[in-house]
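The values are calculated or read from the model by the stated rules, or taken from the named source; none is laboratory data. Because the structure is a prediction, the values reported are computed rather than measured. All Cβ positions, glycine included, derive from the backbone under ideal geometry; neighbour counts span all protein chains shown. These accessible areas exclude ligands, DNA and RNA; they are computed on the full protein's heavy atoms, side chains included. Shrake-Rupley method; radii C 1.70, N 1.55, O 1.52, S 1.80 Å.
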Amino acid sequence: MKMRYYLTAVVAVSLVGILSLSDTKPNLAQAAAPASAKGQAEPVEEDMHEFMEYVFQPTYKRLKQTMAAEPADSAAWKGIKSDGLILAEGGNLLLLRGPAENAEAWAKHSTAVRQEGAKLYQAGKKKDFAAASASYRAMLTNCNACHTEFADGEHQLAP
């Protein structure tokens with residue numbers, strides 16, 4: 001008898017849960033909330049040139065100096081790790097800003113930035129200048145290819 005009562009209670013609670021999940025009334029407070037309030041990523045700066053100038057350009061300029069010669073101290077290696085991680089995560093931010101046209105190429109370049117930035121970060125953690133240099137140069141090659149494709153060849157970067 002106790003088992004039957006228990007099973008009936010479980011079924012009743014389950015049905016209440018299912019019925020509440022099938023409620024088709026919209027949650028107007030949630031629908032009216034902006035994407036960021038819903039936990040979705042959304043760009044803060046819509047203009048790609050502004051975004052690149054203030055997110056990627058400072059990182060590139062720091063790395064250009066740091067990567068000119070093998071770092072002599074921990075502070076320089078920390079800079080490489082930091083900038084590598086910023087670039088890797090920046091690749092994720094680029095994926096949010098894909099254009100309507102040629103989105104597949106944009107995603108390819110954005111993913112390459114993320115991958116090479118991650119490799120640069122890992123090389124910095126290991127203090128491996130040869131690997132860091134290879135990742136840095138591969139990233140610049142990818143950046144330049146993307147700038148050729150999406151910025152009419154402007155903003156070419158040099159190591």
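Could you please let me know if residue 93 is under 19 Å from residue 61 (Cβ atoms), touching a residue at least 24 places away in the same chain (Cβ under 8 Å), of a type in the set (A, V, I, L, M) and out of contact with any Phe, Trp or Tyr (no Cβ under 7 Å at 6 or more places or on another chain)? It is true that residue 93 is under 19 Å from residue 61 (Cβ atoms), touching a residue at least 24 places away in the same chain (Cβ under 8 Å), of a type in the set (A, V, I, L, M) and out of contact with any Phe, Trp or Tyr (no Cβ under 7 Å at 6 or more places or on another chain).
Does residue 132 fit the bill of being part of a helix (DSSP H, G or I) and under 26 Å from residue 46 (Cα atoms)?
So residue 132 fails the test.
Taking the criterion of being open to solvent by less than 70 Å² (accessible area, probe 1.4 Å) and within 20 Å of residue 138 (Cα to Cα), the residues of the range 33-73 that qualify are 52, 55, 56, 58, 59, 60, 63, 66, 67, 69, 71. Among the residues of the range 88-102, those that are open to solvent by less than 50 Å² (accessible area, probe 1.4 Å) and either at pLDDT 95 or above or in a helix (DSSP H, G or I) (or both) comprise 88, 90, 91, 94.
From the list 105, 76, 112, the one residue that fits, being surrounded by 12 or more Cβ atoms within 10 Å (Cβ to Cβ), in a helix (DSSP H, G or I) and over 19 Å from the mean Cα position of the chain (by Cα), is 76. Only a single item in (1) open to solvent by 70 Å² or more (accessible area, probe 1.4 Å); (2) more than 16 Å from residue 123 (Cα to Cα) is not met by residue 85, and it is number (2).
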